[in-house]
Amino acid sequence: RTSNGSREEVHYYDTGGLNGWSRVAGLLVVLLAGCSEGVKFVQETDAGGVVVYPYKGDNSLVSTFRGEALDLMQHKCPKGYNVLKEGQTTGLRRIHDNVGGSEAIEIKRWAIKFQCK
């Protein structure tokens, strides 16, 4: 009973099982965020730079990130740019431990060196 004499209902919910799942879900979000690497500058100057992006398979030109890389270059160089060199660059290799054992995941990266006009 409360101080004014009315009856107060208190509900308790068993959330013990959810805490474990919440931790797993939170860890999964952190891991996925860490694995997702998009377009970024690895070198940037006033006159251009080098952008890299990840790709899968054998053809970097069809990567969903290529358009973002070209947009980033266009934003850097509103009057246009010249591609000086492009090609596969050092990739990333990550080891993921899971219930079945360890798994090596290799992420291929493509680099574009450009100069503003």
Self-check item: Around Val42: net Lys/Arg minus Asp/Glu count, Cβ-Cβ under 12 Å
Solution: +1
Self-check item: Å² of accessible area per residue within region 40-81, as computed with a 1.4 Å probe and no ligands counted
Solution: 63
Quiz item: So what is the diffusion coefficient of region 42-117 in µm² per second by Stokes-Einstein at 25 °C and 0.890 mPa s, using a Kirkwood Rh over Cα pairs?
Solution: 179
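The values are calculated or read from the model by the stated rules, or taken from the named source; none is laboratory data. All values derive from a computational prediction rather than experimental measurement. Note: ideal-geometry Cβ built from the backbone for every residue, glycine included; neighbour counts use all protein chains shown. Calculation scope for accessible area: heavy atoms of the full protein, side chains included, ligands and nucleic acids excluded. Shrake-Rupley method; radii C 1.70, N 1.55, O 1.52, S 1.80 Å.
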